[in-house]
1. So between E19 and E63, what do we pick up on full extension, going 0.36 nm a residue minus the alpha carbon distance?
2. Any chance you could get the radius of gyration and Dmax over the Cα atoms of segment 36-111, in Å?
3. Grab every C-alpha pair in the chain, bin the distances at 5 angstrom width from 0 up to the longest one, and report whole percents.
4. Taking a cut-off of 19 Å between Cα atoms, list the lysines near K37, but don't count ones fewer than 8 places away on the same chain.
5. Taking only C-alpha pairs under 8 Å that are 6+ residues apart, what is the relative contact order of the chain in percent?
6. Could you give me the ³J(HN,Hα) list for segment 19-25, computed from phi with Karplus coefficients 6.51, -1.76, 1.60 and θ = phi - 60°, whole Hz, x at Gly and Pro?
7. Per residue of segment 75-86, what does 6.51 cos²θ - 1.76 cosθ + 1.60 with θ = phi - 60° give for ³J(HN,Hα)? Whole Hz please, x for Gly and Pro, Karplus curve as stated.
8. Under a straight-distance cross-link criterion of Cα-Cα below 14 Å, which aspartates and glutamates are reachable from K25, leaving out those fewer than 8 residues away in the same chain?
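The numbers here are math on the coordinates, done by the rules we state, and not lab data. Quick caveat, the model's predicted, so the values are computed rather than measured. Positions of Cβ are backbone-derived with ideal geometry, glycine not excepted, and every protein chain shown enters the neighbour counts.
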Amino acid sequence: MKKIGIFNGPNLDRLGIREPEIYGKETLDDLRHRVEKLADELGVEIEFFQSNFEGVLIEKMAEWADLGFDALIGNPAGLTHTSVSLLDAIKASGLPYVEVHISNVFHRGELRQKSITAEAATGVITGLGFAGYDAALRFLAE
C-alpha cells in the first residue's frame, strides 16, 4: 500500500475563519476528512499534517522519507514564496511531490505568483479549492 504524506503550512489551521471569500468556509478538519475518505477509496495510506513552523515541516518531511513514504502532497502556504529551506527539504526527501494551493495564486498579486517550492514539484495544482488535494492524491496513487 502506498504511503503519502500531506503537509499544510502556516495559517492553514485557520481555514474556515481566515478570508472565507478566498478559502471558503470549510475547515482543515473538513479537508482532512475529505482526503482520508478518498485515500480509503484509492487504497492508499496517508498522514495528514499541519504546522505554522517551517522547521517542523522540514523535520516531518525527513521523517516521512526515512519511514519509506512513497510521495508528498504539500500546500506550503506563505512559505511557498519565501522558503529555500523548505524547497531543499522537499528535494532531500527524494519523494515525488505535488504542490497544491486552494486559491488561484495567479489572481492574488505578484508576490504570490512565484513559487520557490514548485521547483521540486512534479506538478502544481492551484485554484481548485479542496478538489486540488483530490487531484493530487489521485495522481500520486497511480
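1. Stretched fully, the E19-E63 segment lengthens by 12.6 nm.
2. 13.4, 39
3. 2, 11, 22, 25, 22, 13, 4, 1, 0
4. Excluding near neighbours in sequence, the set is K2, K3.
5. Rounded, it is 27 percent for the chain.
6. Result, rounded to whole Hz: 6, x, 5, 9, 9, x, 9.
7. 10, x, 6, x, 5, 3, 9, 9, 9, 5, 4, 5
8. D13
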